[in-house]
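J.: This is the structure I have questions about; it appears just below.
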Amino acid sequence: MAYSDFTFAKLKQKYGIDQNDIILFEPVKFDLIAPSKRLSEDIDDKRLMPLYTGKAQSEILIYPIFRELKKRNKHISIFSGYTFNIETEQELSGEPDFLITSKQNIIEPQRPIFCLVNQFPEDGFAQCAAEMYAARLFNQQNNEPFEIIYGAVTNGYDWSFLKLEGNTVYVDIDRYFINELPKLLGILQFIVDQSKPKSD
């Protein structure tokens, strides 16, 4: 079943996954991170470009943020539009807009820890939750110790974060915005820090 076909009702029916709205990130949990000059300039340049499509949003608004995250964290890899199909009794299939893994220098995903859906938040929560569930299954199938998976849904401007832990997908009731780069970078760094492998 394609990730984009899921609703929370289908996730509950097929996999027993519940959904709960909470505050995911208290300010004391993450540090604000000042963006680099390059990132600030890249985001400022958005005003000069039409951003009416998901592809434009991904390339102009989202990718530069992940590029900066990668520079700060050599142990991760970032995949964009990678076909990520999981073999189960009912196959989970599709292409997460972005997938972050806790392993560097790889040509296909290993140890996925984060999934991003490029949509307006409310329209993409269930799809992101399905991708996160698939990422956890993938880790379980490969004996990787990453049971907690994070995710985000964004149109580039408006960001909402999710967390899959146990049988519940927690959806953050707080929103974050592109003009709050220190907060966005701080939360993404917090997520990466939670998933640093002890050894390779």
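J.: Between ILE148, ILE100, ILE107, which is over 21 Å from LEU184 (Cβ atoms) and either at pLDDT 85 or above or not small (Gly, Ala, Ser) (or both)?
T.: ILE107
J.: Pick from ASP5, ASP45: which is modelled with pLDDT under 95, farther than 23 Å from SER160 by Cβ and exposed (fewer than 15 other Cβ atoms within 10 Å of the Cβ)? Don't jump to the end; show me each part of the working.
T.: Values: ASP5 fails: farther than 23 Å from SER160 by Cβ.
Sole residue among the options that is modelled with pLDDT under 95, farther than 23 Å from SER160 by Cβ and exposed (fewer than 15 other Cβ atoms within 10 Å of the Cβ): ASP45.
J.: Let me ask another. Pairs needed: first member in the range 34-59, more than 20 Å from LEU188 (Cβ to Cβ) and of a type in the set (Asp, Glu); second member anywhere, modelled with pLDDT of 70 or more and in a helix (DSSP H, G or I); C-beta distance under 8 Å; at least 6 residues apart or different chains.
T.: If the second residue must be modelled with pLDDT of 70 or more and in a helix (DSSP H, G or I), the pairs left are ASP45/ILE60.
J.: Being in contact (Cβ under 8 Å) with a residue 60 or more places away in the chain, in a helix (DSSP H, G or I), open to solvent by less than 10 Å² (accessible area, probe 1.4 Å) and closer than 18 Å to TYR3 by Cβ narrows it down to one residue among ALA126, ALA134; which is it? Spell out how you get there, then give the answer.
T.: Details: ALA126 fails: open to solvent by less than 10 Å² (accessible area, probe 1.4 Å).
Checking each option against the conditions leaves just ALA134.
J.: Does the range 158-170 contain at least one residue that is of a type in the set (Gly, Ala, Ser), under 30 Å from ASP45 (Cα atoms) and more than 13 Å from the chain's Cα centre (by Cα)?
T.: no
J.: Please work out if ASN179 is more than 23 Å from GLY16 (Cβ to Cβ), part of a loop (DSSP other than H, G, I, E, B) and not small (Gly, Ala, Ser).
T.: yes
J.: Where residues in the range 66-97 are within 24 Å of LYS10 (Cβ to Cβ) and touching a Phe, Trp or Tyr at 6+ places or on another chain (Cβ under 6 Å), which of them is most open to solvent (accessible area, probe 1.4 Å)?
T.: Filtering the range 66-97 for residues that are within 24 Å of LYS10 (Cβ to Cβ) and touching a Phe, Trp or Tyr at 6+ places or on another chain (Cβ under 6 Å), the one most open to solvent (accessible area, probe 1.4 Å) comes out as GLY94.
J.: Out of the range 154-170, which residues are in contact with a Phe, Trp or Tyr (Cβ under 6 Å, 6 or more places away or on another chain) and either at pLDDT 95 or above or under 22 Å from THR101 (Cβ atoms) (or both)?
T.: Selection gives TRP159, LYS163.
J.: Determine which single condition ASN167 fails, assuming it passes every other condition in (1) within 27 Å of ASP5 (Cα to Cα); (2) touching a residue at least 60 places away in the same chain (Cβ under 8 Å); (3) out of contact with any Pro (no Cβ under 6 Å at 6 or more places or on another chain); (4) crowded, with 22+ Cβ neighbours inside 10 Å.
T.: That leaves (4) as the condition not met.
The values are calculated or read from the model by the stated rules, or taken from the named source; none is laboratory data. Since the structure is predicted, the reported quantities are computational estimates derived from the model, not experimental observations. Here Cβ is always computed from backbone atoms with ideal geometry, including for glycine, and neighbour counts include all displayed protein chains. All accessible areas refer to the heavy atoms of the entire protein, side chains included, with ligands and DNA or RNA removed. Shrake-Rupley method; radii C 1.70, N 1.55, O 1.52, S 1.80 Å.
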